[in-house]
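The values are calculated or read from the model by the stated rules, or taken from the named source; none is laboratory data. None of these values were measured; they are calculated from a predicted model. Glycine also receives a Cβ, built like all others from the backbone with ideal geometry; neighbour counts cover every protein chain displayed. Note: areas computed on protein heavy atoms with side chains; ligands, DNA, RNA excluded. Shrake-Rupley method; radii C 1.70, N 1.55, O 1.52, S 1.80 Å.
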Amino acid sequence: MQHYTSDKISRRAFAGLAAGAVLLPSTSHSTPRPMPRTLLKPPRLRAGDLIGLVAPGGRINDDAIAYAVARIEALGFHARLAKNLRAVHGGYAGAVQQRVDDLHAMFSEREVKAIWCVRGGSGCISLLAHLDYALIRAHPTVLLGYSDISALQLAILKQSRLVTFHGPVALSGPSDYAVEHMLAVLMHPQDSYTIPMALENSRRALLEPHFALRTVTAGQATGPLIGGNLSLVSALMGTPYAADFRKAILFLEEVNEAPYRIDRWLTQLDLALGLRNASAVMIGICDHCGPEDEEPSLSLDDTLDLHLKPLVIPAVSGYSFGHIRHQCTLPLGVMARLDTARQTVTLLEPAVS
């Protein structure tokens, strides 16, 4: 069986394939409703719970499914496959309606206690106008993933006020660090939980400097965790699903993108809401984001510094989240504290009920 790791799959690799969206007629739930004010937390996971596997973005195959099921079972849970999990539409895991149907079905099933995305890829943004956010709020369930899944997470937080989880996908390579902090956040609600950064990433930084923890502006900051994949956070600006990161700890990650694209997306966020209006900015490990070919270019750090150094708020890079094996799980919407001196993120409330 072929083993897949999320950090070897390019989110952009599928972006140039045939269009993944089939235009759908308007539905009664396609117009976003006013956002509920109360933050909703899904019930905690327990050993032996049923976890639903979905592919809301890029297509997958039988080897990927077998690997994901084995991971779930190794963690002490049981797996349920979405009806359209094997569907294919170009580079996407089925047409828009198939992927929407799978998400609605998993949120509706009482036995399913978590929805784990097999991978990211591309295409999640096409689902947003067709999701039933009232249904999702009526059936709060853990939704876990990262990369392209950020589009779903930000939209669900904005329209349903449900806490979702930026963390490993089911194809992520096993990591003691990732499993420890994922299960702690999902299974063991605590009033305060401190997440240190992974030592494995710091060791890797000896040969790959972009894995290094770097403080641009020191300090402590408190606010709700808001963010995800940079290109998706940027793409949602100006839509009903955009992240409102004012007074929040804005966390961002990317992979396989040249510095000029990162510069463009950070500029867009700054023009939209003002990065200075965040409580802090926390950049993850942006793997393979150096200059392309031999074209003149700023480095990744130079590009980040253009945007982070003028801010008077705490700002860091190289933190343990993103398209990497050793990644922590960050619950969107939950109050947290960033401490640049200790290089930690502390959740200041439980992320699950």
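Sorted largest first by accessible area at a 1.4 angstrom probe radius, with every protein chain in place, the residues R264, R337 fall in the order R264, R337.
Taking 0.36 nm per residue of sequence separation and removing the Cα-Cα distance, the V179/A341 pair yields an extension gain of 55.8 nm. In percent, rounded to a whole number, the relative contact order of the chain is 21, using alpha-carbon pairs under 8 Å and six or more apart. Could you tell me which of Q190, G90, Y319 has its Cα farthest along the dipole of the chain towards the positive end, charges placed at Cβ (Lys, Arg +1; Asp, Glu -1), taken about the Cα centre? Checking the options against the dipole of the chain, the answer is Q190.
Hey, got the dipole for the range 196-353? About the Cα centre, +1 on K and R Cβ, -1 on D and E Cβ, debye to the nearest 20? Let's see the in-between values first.
Details: 12 positive and 18 negative charges, 151 e Å.
Dipole magnitude for the range 196-353 comes out near 720 debye.
Over all distinct alpha-carbon pairs, what is the Kirkwood Rh of the chain in angstrom? Before the final figure, lay out the partial values.
Working: mean 1/r = 0.0500 Å⁻¹.
Computed over Cα pairs of the chain, the Kirkwood hydrodynamic radius comes out at 20.0 Å.
Considering all alpha-carbon pairs of the range 251-353, what whole percent are spaced by more than 18 angstrom? Distances greater than 18 Å cover 52 percent of the Cα pairs. With 0.36 nm allotted per residue and the present C-alpha distance subtracted, the A205-N277 stretch has 22.9 nm of extension available.
Using unit Cβ charges (K, R positive; D, E negative) and no other charged atoms, how large, in debye to the nearest 20, is the dipole of the chain about its Cα centre? Don't jump to the answer; show the numbers that get you there.
Working: 32 positive and 32 negative charges, 234 e Å.
Magnitude of the dipole: close to 1120 debye.
Order of 202-209, 55-62, 238-245 by packing, highest average Cβ count within 10 Å first? Each step should come with its number before you reach the end.
Values: 202-209: 12.9, 55-62: 23.5, 238-245: 18.5.
Packing order, densest peptide first, comes out as 55-62, 238-245, 202-209.
By the rule of a C-alpha distance below 20 Å, with chain neighbours fewer than 8 residues away ignored, the lysines paired with K158 are K41, K247. If you look at the Cα atoms of the range 30-171, you get an Rg and a Dmax of 13.9, 42 Å. Surface composition of the chain: carbon and sulfur atoms hold 52% of the protein heavy-atom accessible area at a 1.4 Å probe.
Tell me the Kirkwood hydrodynamic radius of the range 86-162 in angstroms, computed as one over the mean inverse distance between distinct C-alpha pairs.
One decimal place: 12.6 Å for the Kirkwood radius.
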